[in-house]
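Quick notes on the structure that follows.
The values are calculated or read from the model by the stated rules, or taken from the named source; none is laboratory data. Keep in mind the model is a prediction, meaning the values are calculated, not measured. Heads up, the Cβs are rebuilt from the backbone with ideal geometry, glycines too, and the neighbour counts pull from every protein chain shown. Surface areas here come from the heavy atoms of the whole protein model, side chains and all, with no ligands, DNA or RNA. Shrake-Rupley method; radii C 1.70, N 1.55, O 1.52, S 1.80 Å.
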Amino acid sequence: MPKSLSSGAGQQPHDHLLHRLHDLQSRFLHIPPLEIAPLATELDLPVSQVESVIDFYSFFHRSPRGRFDILFSNCTSCGGLTLMQQLCGLLGVQPGVTRADGMVSIDQTSCVGMCDQGAAVLVNGRTLVRLTAAQLPHLAQLVNTATPLDEWPADWFAVQDNIRHAGLLLNDTLSAGDGLRAAVQAGADQLLAEIRQASLRGRGGAGFPTAMKWQFCRDATAPEHYVVCNADEGEPGTFKDRVLLHSYAQQVFEGMALCAYVIKAQHGFLYLRGEYRYLVPSLEATLDAMRTANLLGENILNQPGFNFDISIVLGAGAYICGEESALLESLEQKRGVPRVRPPFPVTHGYLGQPTVVDNVETLVAAVHIAVHGGEWFRAHGTAQSAGSKVFSVSGDCTAPGIYEYPFGISVQDLLEACGGQDAQAVQIGGPSGTLIGRAEFGRKLAFEDLATGGSIMIYSAQRDLLAVVRNFTHFFAHESCGFCTPCRVGTPLLRKYLDKIASGHGTVYDREEMARLGKLVKRRSHCGLGQTAANPLLDLLAKFPQVYAERLLHQDYEPFFNLDAALTTTRELTHRDDAEAHLS
Amino acid sequence: MSNTLFIDGQEIPFAPGQTIMDASLEAGIYIPHLCHKPGLTPHGSCKLCTVEVDGRSVSACTLPAAAGMKVDNNTPALQEVRKTLVQMLFVEGNHLCPTCSKTGDCTLQALGYHFGMLDGHFPPFYPRREVDASHPDLVLDRDRCVLCELCVRASREQDGKNVFAISGRGASAHIIVNTSSGKLGDSDLTLDDAAAHICPVGAILPKNHGCEVPFGRRTFDLHSVAESDVAHVGLQKTEHHDE
């Protein structure tokens, strides 16, 4: 344990830099400059480390936000940017600019994981769902009268699970401790053998064999071993971990304890995305109940030396921290920049110690395997993709929500289950995944065909797919960590090309250059973010070429410089909008 | 199998623990690079040393060499990728070579010449970045920073200090100084520190020595960046090996 995290083993570590910055942000509505050096001294960190973390994470600000800081998701499923403009009008603010009286600020944020119940916003970090235009005058009034959030209508904050189809895991009724009791009875070797027998693969999307990961970590000799649950579910369109953490949290933590039992870890972390802050109280309550039941703590289930506890660390708005090595950097109170690999986290993870980083759903599956055995699990799904998958289904369908099916279900079958048969396209695995058209709806959701972390975003014929892809491309440019040249420079350039084409100023040359650059960013970037950032625009080009063709200018060249756009500011400043102020 | 690998078909030896870059530098084979400097922890961020091993794109500076490894380096496709990356670095910052006192001694510029780069090609970002002239002997001009972190690493690993860090995210990433004021003048950086001279571009420059070595007589005016035996020279006349 690092000194800074040792206070109250298992408690939410108050001394973590991210938590201290969250505190400052909510107390002062920004990070006051005069607080930074004392905080660095207190936490024994270089002042540059504190500064760099403040500027890395989206939820920390250098200048005061409003007493009500309202962030609208800009996701294609749970976003509401039209509502944002309406609310800005009602409250007399510009997006991103705090109102002069300091009461309110309104801005955009990346997907908040409420894709089955949008439009969604964060108000001072609290999640508000199913927002409609009809609510806006009431909301504006509550803001203008400075009504505390606790007095806002409670149903505005009522996040629903929306489990539409439960399967192998979600239907299974386990009691607290079933997995751990089975594990300690069988022993760590047997548990690992069952996980191997089950052919369990990581549910984050990459599909690495879980038993192999646990084995590598267990075999690595070091003073400490760690278990980290990756609950930084930031892929737009994904929200299944939200439901697992809300209604199956006991199993998530138990899965971590099982892993700890195998790799001999004494401490674990749940790295929770900042957008799910509202879950922290219930998660802490679950942890406390588990400690009381001797499912966490010392000599778990009376096994001498089986000591394990879990801390929750809250992220602060950075998609990249879902990448496991970036997550570890963030846990170590640094910017979330993916590490160079090798070495891999299983040998050099948190604080350089062997660390298993597993997806929320993987850990839940491990508990069920511990109880029912590997054969039971392997009997479901396909040969290469054992078990079931929990899908987050959103977009243009009649019943968005959680669908659990055995691996191998076709896209078409899933569309029929959720009432999304009218789709012209489906984004499998979120923006970093694969865009498919009707011709591919027969493909299977499985590691060997369409691998996915679970995000299924459905787009009907009424959707402008170029707008969708433009949204995704903006997302990646916003979330790039800035470490490597291809991604740091490439993603904003791709954004420029798409903006130009979408605005009707692009030529064939621009489209070709965008594709060339897109392939470079995909092939040469340091981590998965850059390696997938161009997928949406390249997929659209390959599968829906007419969407681009319809927007292109039929001329050889059009400069990026746009005279009309460049004159906009001048027109505003001079209050002139007559013919002579329009030179083009 | 013996400890050798193949770069573009040429067999070269390597010692256990060496990267592809280490082995190639020792063998006198040039793999383009910007953020790498022997003696400092490899970084792998600029991606100019991108090579292909069995068709897989990797950074030569961070990937450990392995026996029998077949590395593609000097291929037309990879040279095109590297040229594009150099163009991307140019448009990202504010690089005005004709008015920069580092011209002729700048690795970024030399790489541009090496790859036959004729323009920035992409729309320039024109970022607003701060210049810090608070230090008596050195100036920090962020307009030219390429985020290679050589100064960050040199300060920590060679000078035993911790003067620099990278802050921010994505296109807003920028170099900062580890002082409460954020000013270089308040740091313990001194002119004889490695970090004061390691900048491959003109982001960290010594004051008062701007044109001692005349244009046209500087390192890369006389040598290609690909020549392996060219010692690094600063802008101060006394250090110039050609004088």
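Structure summary
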item	result
Whole-number D in µm²/s for the range A:464-584 (Stokes-Einstein; Kirkwood sum over Cα pairs; 25 °C, 0.890 mPa s)	159
Range of Cα positions in the range A:240-344 per principal axis (Å), largest first	40, 33, 22
Of all accessible heavy-atom area on the range A:388-463, the percent that carbon and sulfur account for (1.4 Å)	46
Overall form of the range A:68-160 per C-alpha gyration tensor (a/c, 1.5; a/b vs b/c)	oblate
Descending Cα extents along the principal axes, the range A:1-134, whole Å	50, 34, 20
Filtered chymotrypsin sites (Phe, Trp or Tyr not before Pro), the range B:1-70: DSSP coil and at most 14 other beta carbons within 10 Å	none
Cα-based Rg and Dmax for the range A:388-463, where Dmax is the largest Cα-Cα distance (Å)	10.7, 32
Rounded to whole Hz, the Karplus (6.51, -1.76, 1.60) HN-Hα couplings of the range A:67-84, x for glycine and proline	4, 10, 9, 10, 10, 8, 4, 10, 6, 6, 9, 9, x, x, 6, 5, 4, 4
Amide hydrogen neighbours beyond the local backbone of A:Ala316, cut-off 5 Å, H modeled	A:Gly274
Segment A:Asn294-A:Asp422, length gained on full extension (0.36 nm per residue, minus Cα span)	41.0 nm
Extreme residue, positive dipole direction of the range B:4-74, given options B:Pro64, B:Ile12, B:Ser24 (C-beta unit charges)	B:Pro64
Mean-position separation - Cα centroids, the range A:332-405 and the range A:162-203, in angstrom	13
Rounded to 10°, Cα long-axis angle of helix A:17-28 versus longest principal axis of chain A	50
Net charge dipole size for the protein assembly as shown [Lys, Arg +1 and Asp, Glu -1 on Cβ; Debye, nearest 20]	620
Amide proton proximity set for B:Met69, modelled H, under 5 Å, gap of 5+	B:Phe6
Pairs from A:Lys519/B:Lys83; A:Lys519/A:Lys543; A:Lys496/B:Lys102 whose Cα-Cα separation, in the structure shown, is over 24 Å	A:Lys496/B:Lys102
Separation in nanometres of the label points that stand 7 Å from Cα toward Cβ, at A:Ala134 and A:Thr147	1.7
Whole-Hz ³J(HN,Hα) from phi, Karplus 6.51 cos²θ - 1.76 cosθ + 1.60, for the range B:177-194, glycine and proline x	10, 7, 9, 4, 7, x, 9, 5, x, 8, 8, 9, 5, 10, 4, 8, 6, 4
Gained length - A:Thr569 relative to A:Thr82, 0.36 nm times residue gap less alpha-carbon distance	173.0 nm
D (Stokes-Einstein, µm²/s), Kirkwood Cα radius, chain B, 0.692 mPa s at 37 °C	174
Longest exposed-site-free window of chain A, the sites being chymotrypsin sites (Phe, Trp or Tyr not before Pro) in a DSSP loop that have at most 12 other C-beta atoms within 10 Å	A:1-556
In degrees, nearest ten, helix A:485-502 long axis to first principal axis of chain A (Cα)	50
Alpha-carbon centroid distance for the pair the range A:546-584 / the range A:72-87, whole angstrom	26
Whole-Å distance, taken between Cα centres, linking the range B:54-121 and the range A:233-258	43
Rg to Rh, two decimals, where the range A:164-378 supplies the alpha carbon set and Rh follows Kirkwood	0.93
Amide H partners (placed H, <5 Å) of B:Thr19, local residues excluded	B:Ala65
Surface/4 estimate of mean projected area, convex hull on alpha-carbon atoms of the range B:4-74, nm²	4.1
FRET efficiency estimate (nearest 0.05) - Cβ-Cβ, A:Ser282 to A:Tyr557, R0 41 angstrom	0.10
Kirkwood hydrodynamic radius over Cα pairs of chain A, then Stokes diffusion coefficient at 4 °C and 1.567 mPa s, in µm²/s	52
Positive minus negative residues near A:Tyr548 (Lys, Arg vs Asp, Glu; Cβ under 15 Å)	-2
